[in-house]
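One structure below.
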Amino acid sequence: MVHAPLAPPPYRPLLLARWLWVVVSCLIVVLVVGGITRLTESGLSITDWKPVTGVIPPLDQSGWLAEFEAYKLIPQYTQMNGPAGMTLEEYKWIYFWEWLHRFLVRMVLGTSFVLPLAWFWLRGAIPPRFKPRLLGLLALGGAQAVVGWLMVRSGLSAGADVKVSHYWLATHLMLALGLLGWLAWTALDLAAVARGQKPVRPRGIGLAALAAVFVQLFYGALLAGLRAGPVAGGGWLNWDAWPLMQGKLVPGGIDWDRGLGHVLLADPFLIHFIHRWWAWIAVGVLIVLARRLRQHDRRISIAIHSAFGFQIILGIAAVMSGIALWLAALHQLTGALLLIATIWGAHRIASKNHDLAIG
């Protein structure tokens with residue numbers, strides 16, 4: 001008896017790619033709200049971590065008063081907001097941003113990622129080689145949530161500063177950006193598989209561009225954690241704040257006596273200096289990447305140029321404005337979009353090189 005061949009598994013790589021782009025979009029929203037949470041000093045407003053019940057904010061006056069009383073015990077209140085005369089209504093404002101940030105994280109991990117992942121898995125829609133990667137993305141998302149709580153906890157103890165540790169904040173933000181990048185690369189790989197191509201790894205100029213952008217994002221995260229944006233000065237069209245810092249090319253105030261490790265990771269003046277000047281190194285590498293892609297996919301070249309152009313303008317404007325909330329939030333949003341554009345370019349050029357190698 002001749003048996004009919006078994007039907008191929010119902011893999012759906014293009015549908016999976018579209019799903020991951022939805023998750024990418026949700027994560028970008030989370031990143032922007034997280035940036036607003038930091039800029040409004042809202043991150044310490046919720047002093048406990050309740051992964052399930054914490055989704056519901058206080059529903060009556062007694063609930064709000066209980067949350068406010070818990071907040072009154074931490075250094076941010078006793079040393080800063082308490083002496084400034086914070087009212088319950090003002091507390092509700094910062095509570096809102098931290099609650100919204102946590103709520104959106106739960107929605108991204110649950111509604112947009114975990115549940116669809118389980119559904120695709122049970123339907124047999126995931127190609128086997130992508131299953132470990134998707135589980136890795138899930139694990140990274142869980143680690144990101146844990147690091148987020150450790151970051152908050154760093155600002156709650158009696159001996160803590162009025163803000164969270166900038167090391168934990170930088171770790172939290174870089175994990176989020178790493179998750180964003182990995183999601184985008186996986187989506188591009190799945191779309192390639194749907195076209196009959198193979199997944200690729202970053203290499204060459206694409207890898208160099210990603211490295212340059214991640215260094216820039218890392219120093220941006222340290223700058224954010226240290227609240228180092230205003231150390232250059234401020235004022236529209238004040239050239240002492242940009243391109244100079246405090247009227248100098250290299251600002252005063254760098255504490256070299258505390259060692260190289262400290263100034264590279266914890267000195268607000270040097271970190272701001274590195275962030276603003278490394279940007280031009282990153283731009284140079286991105287221009288090379290975009291020029292190599294121009295003849296293959298002009299859309300990517302335009303996206304890269306547009307992203308770093310807007311990012312530079314927003315960064316300068318944020319400094320001159322004295323770190324206006326809306327400008328700083330847009331700067332963080334454009335940073336995420338720049339990462340996506342760079343990944344798109346790095347993936348495209350890796351695919352091109354791979355096609356040439358096997359052609």
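The values are calculated or read from the model by the stated rules, or taken from the named source; none is laboratory data. Given the structure is predicted, the values throughout are model-derived calculations rather than measurements. We place every Cβ from the backbone using ideal geometry, glycine too, and count neighbours over all the protein chains shown. Note: accessible area is taken over every heavy atom of the protein model, side chains too, but ligands, DNA and RNA are not part of it. Shrake-Rupley method; radii C 1.70, N 1.55, O 1.52, S 1.80 Å.
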### Shape box of the stretch 166-234 [Cα atoms, principal axes, largest first, Å]
53, 23, 20
### Summary
1/(1 + (r/R0)^6) with r = Cβ-Cβ of residue 90 and residue 143, R0 = 30 Å, i.e. FRET efficiency to nearest 0.05, evaluates to 0.35
#### Entry: q = 0.14 Å⁻¹: log10 I(q)/I(0) that the Debye formula gives for the stretch 26-100, counting C-alpha atoms only
-0.45
#### Entry: Per-selection Rg to Rh, the stretch 247-359 - Cα, Kirkwood hydrodynamic radius
1.10
### Query
Roughly how big is the chain's charge dipole about its Cα centre, with Cβ charges of +1 (Lys, Arg) and -1 (Asp, Glu), in debye to the nearest 20?
1820
## Note on the structure
For residue 197 and residue 324, extending 7 Å from Cα along the Cα-Cβ vector and measuring point to point gives, in nm, a value of 4.1
## Note on the structure
Given the candidates 325, 64, 34, the one whose Cα lies deepest towards the positive end of the charge dipole of the chain, counting +1 at each Lys or Arg C-beta and -1 at each Asp or Glu C-beta, is 34
### Message
Helix check for the chain. Which DSSP H runs span at least 24 Å along their own axis by Cα, with a mean Kyte-Doolittle hydropathy no less than 0.5?
### Response
13-39, 131-153, 166-194, 204-226, 268-293, 298-320, 325-358
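Between residue 65 and residue 78, 0.36 nm times their residue separation minus their Cα-Cα distance comes to what? Write down the numbers at each step before the final one.
Numbers: separation 13, 0.36 × 13 = 4.68 nm, distance 1.64 nm.
Additional length available on full extension: 3.0 nm.
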### Message
Given points 7 Å out from each Cα along the Cα-Cβ axis, report the residue 297 to residue 250 separation in nanometres with one decimal.
### Response
4.2
## Note on the structure
For 302-312, 326-336, ranked highest to lowest by mean beta-carbon neighbours within 10 Å, the order is 326-336, 302-312
## Note on the structure
If every Lys and Arg gets +1 and every Asp and Glu gets -1 at its Cβ, then about the Cα centre the stretch 1-153 yields a dipole, in debye to the nearest 20, of 1000
## Note on the structure
Heavy-atom accessible area of residue 50, protein chains in place, probe 1.4 angstrom, given in Å² to nearest 10, is 90
### Task
Any lysines with Cα under 16 Å of the residue 352 Cα? List them, leaving off those in the same chain fewer than 8 positions away.
198
### Query
Can you give the percent of C-alpha pairs in the stretch 190-306 whose distance is more than 25 Å?
41
### Query
What are the aspartates and glutamates whose alpha-carbon lies under 15 Å from the alpha-carbon of residue 163, with same-chain residues fewer than 8 places away excluded?
41, 98
#### Entry: Accessible area expressed per residue, the chain, with surrounding protein chains retained (probe 1.4 Å, Å²)
49
### Query
How large is the Kirkwood hydrodynamic radius of the stretch 52-133, in angstrom, based on all distinct alpha carbon pairs?
15.8
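Counting only Cα atoms, I'd like the Rg/Rh figure for the stretch 130-268, Kirkwood definition for Rh.
Details: Rg = 19.5 Å, Rh = 18.1 Å.
Value, to two decimals: 1.08.
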### Dimensionless Rg ratio for the chain, taking C-alpha atoms and the 2.2 N^0.38 Å reference
1.11
### Query
Counting only protein heavy atoms, what percent of the accessible surface of the chain is carbon or sulfur at a 1.4 Å probe?
68
